[in-house]
1. Mean separation of Cα pairs under 8 Å and 6+ residues apart, divided by the residue count of the chain: what relative contact order is that in percent?
2. Once you list every other residue whose beta carbon is under 12 Å from the beta carbon of Ser269, what net charge do they have if Lys and Arg are +1 and Asp and Glu are -1?
3. Using alpha carbon centroids, what distance separates the range 88-146 and the range 19-79, in Å?
4. Starting from 0 in steps of 10 Å, tell me what percent of the Cα-Cα pairs of the range 2-166 lands in each bin.
5. Which label belongs to the value computed from this structure, given these candidates for Cα Rg over 2.2 N^0.38 Å: [x] 1.05; [y] 0.92; [z] 0.97?
6. Just to be sure I understand: with springs between alpha-carbon atoms less than 10 Å apart, which residue in Gly91, Gly240, Gly282 has the highest mean-square fluctuation in the Gaussian network model of the chain?
7. Given Cβ point charges of +1 (Lys, Arg) and -1 (Asp, Glu) and nothing else, what value in debye, to the nearest 20, does the dipole of the chain about its Cα centre take?
8. Please work out the Cα center distance from the range 200-277 to the range 283-298, rounded to the nearest Å.
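What follows is calculated from the coordinates using simple rules that are stated; it is not laboratory data. These numbers come from a predicted model, not from an experiment. Using ideal geometry, Cβ is built from the backbone for each residue, glycine included, and neighbour counts are taken over all protein chains shown.
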Amino acid sequence: MKIGFIGLGNMGAPMARNLLKAGHELTVFDVVQSNVDALVAHGAGKAKAATTPAAILKEGVEVIVTMLPAAQHVKSVYLGNDGILSGNVDGVILIDSSTIDPMSAREVAKAAAAKKALMLDAPVSGGTGGAEAGTLTFMVGGEEGLYAQMQSLLQAMGKNIVYCGAAGNGQVAKVANNMLLGISMIGTAEAMALGVSLGMDAKVLAGIINTSSGRCWSSDTYNPYPGVLENVPASRGYTGGFGSDLMLKDLGLATEAAKLAKQPVPLGSLAQQVYQTFSLQGNGGLDFSAIIKLFTKK
């Protein structure tokens with residue numbers, strides 16, 4: 001297929017490379033020109049650059065995928081003067097894989113429908129490693145028939161493609177999941193720090209937790225205590241992985257959505273404040289598992 005791809009950052013670039021690997025032709029755009037140049041060079045004739053989001057439409061693309069930092073960027077790329085919806089998008093399929101609030105996703109989807117474009121919100125889970133390996137989980141909201149039509153395309157970038165319901169529901173699934181992840185990481189960090197401070201060996205404690213009722217992904221797959229697991233950020237100075245400021249952003253999305261729905265999320269709100277404190281201390285660039293630093297001397 002001829003595909004447009006907008007947003008070639010840490011997640012978008014490997015996703016775009018996997019589309020090229022699957023044999024698709026790409027026209028790409030990013031505000032950072034070096035990102036565009038690198039992708040075009042990687043494409044070896046199968047990728048070309050566009051000067052604006054709207055210019056991608058001139059290449060006869062059938063699908064446009066966007067992977068952008070926040071809701072304001074999504075709205076600019078879709079609704080701005082040189083945005084995608086400023087051009088002729090009749091029949092073009094739009095897939096936004098950014099993580100934004102459900103209300104913004106629904107707003108953009110409504111605007112796309114008014115221009116006779118077809119749209120899915122499809123945020124991802126799996127981090128940069130999953131983007132590189134093509135093993136991302138896609139949480140997809142939108143028309144079910146369109147989801148079925150796009151499943152094979154999404155499988156070029158991901159392993160688990162899950163239909164979540166109507167427009168915006170992909171974002172609902174993402175913010176709910178990441179709110180829980182933030183809460184569970186703080187809980188795991190507290191428990192590990194408590195056990196070690198009372199004289200327990202960190203690996204032994206983690207082994208007990210991971211075969212007992214406290215087991216969770218934050219403990220058995222991404223343990224925040226240094227030296228417990230290899231190949232996780234905790235064992236490389238909390239570099240790489242999913243940044244604390246990104247977790248703070250997702251917790252903010254969850255709490256804002258909860259306010260609009262009048263849904264209480266006391267632990268989600270507390271988790272947001274904990275990560276806000278951590279960020280204000282200058283730790284926003286560290287992996288989110290570094291939150292354990294609030295509870296240890298390490």
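1. 13 percent
2. Working: positive: Lys259; negative: Glu256.
Value of the local net charge: 0.
3. Rounded to whole Å, the Cα centres lie 15 Å apart.
4. 11, 45, 38, 5
5. Identified label for the calculated read-out: [x].
6. Most flexible of the set in this elastic network: Gly282.
7. 180 debye
8. 10 Å
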